[in-house]
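This report refers to the structure that appears directly beneath it.
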Amino acid sequence: MLASLYPTTKVCKLLLISLFVFFLPSTLSAQYLFLEKIEACGNASFCMDCGDKKATCDQFTLDYICGQINRRYSFKDVNTSITFQVLVESSGFSCVLSHSDVTNSSLTSELIRYLNGNIWKAAKENGKPISASVNVMFRIANGVMSARMLRMDLSQLAPPGDPVIYNKTITYTNPSLKNYDFKVWTRYNSPLPDNIGQSAAVDKSDILWYATAKGLTRFDGEGFTPVNEFNSPFTAETPVQDITVDKDNFKWAYAYNRVYKYQDGAGWQIYDFKKFLASGVNHILNSRNGKLLFTTKDGLVVVKKDKVVLLNKKTIPQLPSSNISYAFDDSQQRLWIGTSKGTIMMDGHSIITKFNTANTPLKNMSISGATEDENGNIYFSMVDCNKVEGDNDREGIAVLKANGQWLHYNDKNSGMPANHVNTMLYDKFEHVLWIGTDQSGLVRFNLKDEWENYHNNNSAMPGFTVYQLMQDSKGDIYATTANGLTRIKKK
């Protein structure tokens, strides 16, 4: 990966095994290291990235440092980053406290000398200079080093609080919890651009594509590679709203009201569907028959081999509304469409079933997610079209069994901790259903009678809000949450 690095090839090996561990004082050993470095700088009283005017240096200065480094080093095939925490005293004196290169490479040492010699502006509080620290990230991508300051969102550092468990009749003993290892990445212990993932997808090479309001990144299980102006049409902070992977391993992303397609080895292409996507895209969904489904307020846009079809109330009068929230293509080639006013199903012969007039759990409900097991049982998360305040018992999960029988799980008749579901995943390795909730954490259901509930108060989960779940070919599960990216690995 790292090659022809000048002046010393030793830096290649050192950077390759860098673990991106940012030494904030969260462990005992890190506290000692942290305090020793503060003492070495001669100041033991400061706050992290605070003040009315925060500690800073001009971007021109950071660009100058990168220019000097780029002239001396060759970063061919390098994709990595190093983060530094710099203490800036009230006098403007600076001192690097810690960094993310656990190998202490010569390149890192050189960057430390530059940062300690910079001209810094001290943070100010009520007009008075104060001591504060700031994070600076140096990224190497496509042979070029760049740098920027990472401003902390202190609200993201605050504890997530307590989950809301509406189910008061069940005690969650969580017997399976001991079988899993949890690993959490945040923007403060890794190059993750933001803690809150707007969307994520795992491709056929087990690369996780993580889209946020502050940029897109790729994760290969070991390290993060930024998707930015050096390797894509995006900048490092482009707000990518949705991303998915199709059956051919093409990546599809939506940003700035445009659809982008990425093919390994061929790069990015722009697909301009403005005629169909004028109202914007809510979700890009991949169907099992190779079609791409774009949900919009004006209908469902179906794309296959560059042929585009729009499904709305004009083309399908049985649709309750043209405002499409979700769509799902099952193993029997039935298309399920959730709208703001209800759900329909269209089979392979274009025969439509309307659920607002049928006595099923989907009556007057919009499907917001779906997954199917190997036996043909389909699980739907639901949103009540006639919204009511609080935890609505009409929501929860509807199950259509392969034999045509309907089931409905909520927090009154099952072990679900709450009824508002953000995401679901059928685990084909363990044959269980994983459920991500809005306020109650992650649920593991064995499809029989055992419900488990994992959140920040009883496990290594970073919080209780789970937005999206996905699984790679090895069985590892990734969860995007309000408090960081979580990987759940079977021991």
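Ignoring lysines fewer than eight residues from residue 128 along the same chain, the ones with Cα atoms less than 18 angstrom from its Cα are 53, 54. Centroid-to-centroid, using Cα positions, segment 167-211 and segment 352-383 are 26 Å apart.
Scan (1) 9; (2) 18; (3) 24 for the value of percent of Cα pairs over 43 Å apart calculated from this model and give just the label. Identified label for the calculated read-out: (3). Across segment 297-311, rounded Karplus estimates of 3J(HN,Hα) from the backbone phi angles (6.51 cos²θ - 1.76 cosθ + 1.60, θ = phi - 60°) give 6, 10, x, 9, 9, 10, 10, 8, 6, 6, 8, 10, 10, 10, 9 Hz, Gly and Pro being marked x.
Compare the Cα positions of 422, 371, 147 along the charge dipole of the chain (+1 at Cβ of Lys, Arg; -1 at Cβ of Asp, Glu; about the Cα centre) and return the one farthest towards the positive end. My answer, from the dipole projection, is 147. Name the residue from 292, 114, 326 whose Cα lies farthest towards the positive end of the charge dipole of the chain, charges +1 on Cβ of Lys and Arg and -1 on Cβ of Asp and Glu. The Cα lying farthest towards the positive end belongs to 292.
What ranking of 99, 283, 349 comes out by heavy-atom accessible area, probe 1.4 Å, highest first? The partial results should precede the final answer.
On the way: 99 10, 283 75, 349 155 Å².
From most exposed to least exposed: 349, 283, 99.
Bridging of residue 448 to aspartates and glutamates at a Cα separation below 19 Å is possible for 372, 373, 374, 411, 427, 430, once same-chain residues fewer than 8 apart are set aside. Around the Cα centre of the chain, unit charges on the Cβ atoms of Lys, Arg, Asp and Glu (plus for the first two, minus for the last two) sum to a dipole of about 940 debye.
Listed by chain and number, the lysines whose C-alpha is less than 20 Å from the C-alpha of residue 363, apart from same-chain residues fewer than 8 away, are 313, 341, 354, 387, 401, 412. Listed values for segment 83-95 are Karplus-derived 3J(HN,Hα) couplings in whole Hz (6.51 cos²θ - 1.76 cosθ + 1.60, θ = phi - 60°), namely 10, 10, 9, 10, 8, 10, 6, 4, 7, x, 5, 10, 8, and x replaces Gly and Pro. Ranking 475, 440, 59 by how far each Cα lies toward the positive end of the dipole of the chain (charges on Cβ) leaves 59 at the top. Based on C-alpha pairs under 8 angstrom that are at least 6 apart in sequence, the chain has a relative contact order of 11 percent.
Got a number for carbon plus sulfur as a percent of the chain's accessible area, 1.4 Å probe?
The value for the chain is 50 percent carbon and sulfur by accessible area.
Axis of helix 28-41 versus longest Cα principal axis of the chain: the two differ by about 40°, to the nearest ten degrees.
At q = 0.16 Å⁻¹ the log10 of I(q)/I(0) for segment 71-168 amounts to -0.79, computed by Debye summation with a single uniform scatterer per C-alpha, solvent ignored.
Only helices enter this figure: runs of n ≥ 4 DSSP H residues, each worth -39500 (n - 2.57), summed and divided by the residues of the chain, yield -3000 deg cm²/dmol at 222 nm to the nearest 500. About its Cα centre, the dipole of segment 55-198 is roughly 80 debye, where the only charges are +1 on Lys and Arg Cβ and -1 on Asp and Glu Cβ. Over segment 259-400, what portion of Cα pair distances is larger than 24 Å, expressed as a whole percent? The share of Cα pairs beyond 24 Å in segment 259-400 comes to 32 percent.
Among 336-346, 387-397, sorting by the average number of other beta carbon atoms lying within 10 angstrom of each residue, highest first, gives 336-346, 387-397.
The values are calculated or read from the model by the stated rules, or taken from the named source; none is laboratory data. Only a predicted model underlies this, so the values are computations on that prediction, with no experimental measurement involved. Note: ideal-geometry Cβ built from the backbone for every residue, glycine included; neighbour counts use all protein chains shown. Just the protein is used for accessible areas: all its heavy atoms, side chains included, with ligands, DNA and RNA removed. Shrake-Rupley method; radii C 1.70, N 1.55, O 1.52, S 1.80 Å.
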